[in-house]
1. Quick check on my filter: what residues within the range 66-81 are over 11 Å from M3 (Cβ atoms) and either assigned to a helix (DSSP H, G or I) or free of Cβ contacts under 8 Å to residues at least 40 places away in the same chain (or both)?
2. Might you let me know whether the range 99-108 holds any residue that is out of contact with any Asp or Glu (no Cβ under 7 Å at 6 or more places or on another chain), more than 16 Å from R167 (Cβ to Cβ) and of a type outside the set (S, T, Y)?
3. Within the range 147-181, how many residues are not hydroxyl-bearing (S, T, Y) and not in a helix (DSSP H, G or I)?
4. Look through A140, A172 and report the one residue that is more than 26 Å from H33 (Cβ to Cβ) and aliphatic (A, V, I, L, M).
5. Got a number for residues in the range 43-65 being touching a Leu at 6+ places or on another chain (Cβ under 8 Å) and either outside any helix (DSSP H, G or I) or without any contact (Cβ under 8 Å) to a residue 12 or more places away in the chain (or both)?
6. Please determine, by comparing only the residues of the range 39-61 that are farther than 13 Å from T2 by Cα and surrounded by fewer than 21 Cβ atoms within 10 Å (Cβ to Cβ), which one is nearest to the chain's Cα centre (by Cα).
7. When you go through R152, R109, R167 one by one, which is the residue that is exposed (fewer than 13 other Cβ atoms within 10 Å of the Cβ) and of a type in the set (D, E, K, R)?
Amino acid sequence: MTMYAALLRGVNVGGNRRLPMAELRTLMQQLGHDRVRTHLQSGQAVFAAAHGDEDVLAAELADAIEERFGFRAGVIVRGHAYLASVVAACPFPAAEPAARQLHVTYFDRPVDPGRFAGIDPDAFRPEEFRLGDRCLYLHAPGGLGRSRLAARLARPRLLDGLVATTRNWNTAVKLAELTDD
């Protein structure tokens, strides 16, 4: 059995797309997953699964959520090795900024850097971003809610066709820890 994290996009935000975590755990157990735990209320769970196809695991969970709750949630599933590599590869000094300043956006597949070529980094200073392996690191000293760069990066044209979901640094680190068997 391998430990994974399921990252759900846009659930339990602003009272919309309600997905009680206890019901998510039950649903994941019904899918045959073991050691299911949820983290916070913002749509992430860790679990053990016998097979290791992350895309299949994500699709199965997305289908089950749609059937049970009546909405389609974007789901990204990643194993411990990947989650730990995202933490280890952080291009920003993660020990320095507060969790509200550093974020990781996870993508469901590799992203062509050309998508972001039209963004002038100097126009958003002191905010910065860097692409990683199926992720984007965002350093926003004023916080994500006031970040002009985050708003620019979230434009539909840039993310068209991708499943993308963002977590703060503390959550990124915690998911790597929770999936460490």
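Rule-based calculations on the coordinates, nothing more; no lab input. These numbers come from a predicted model, not from an experiment. Ideal geometry is used to build each Cβ from the backbone, glycine not excepted, and the neighbour counts take in all protein chains shown.
1. The answer is E66, E67, R68, F69, G70, R72.
2. No, because not a single residue in the range 99-108 is out of contact with any Asp or Glu (no Cβ under 7 Å at 6 or more places or on another chain), more than 16 Å from R167 (Cβ to Cβ) and of a type outside the set (S, T, Y).
3. Selection size over the range 147-181: 11.
4. Numbers: A172 fails: more than 26 Å from H33 (Cβ to Cβ).
Just one listed residue meets the conditions, A140.
5. 6
6. It comes out as S42.
7. Just a single option satisfies the conditions, and that option is R109.
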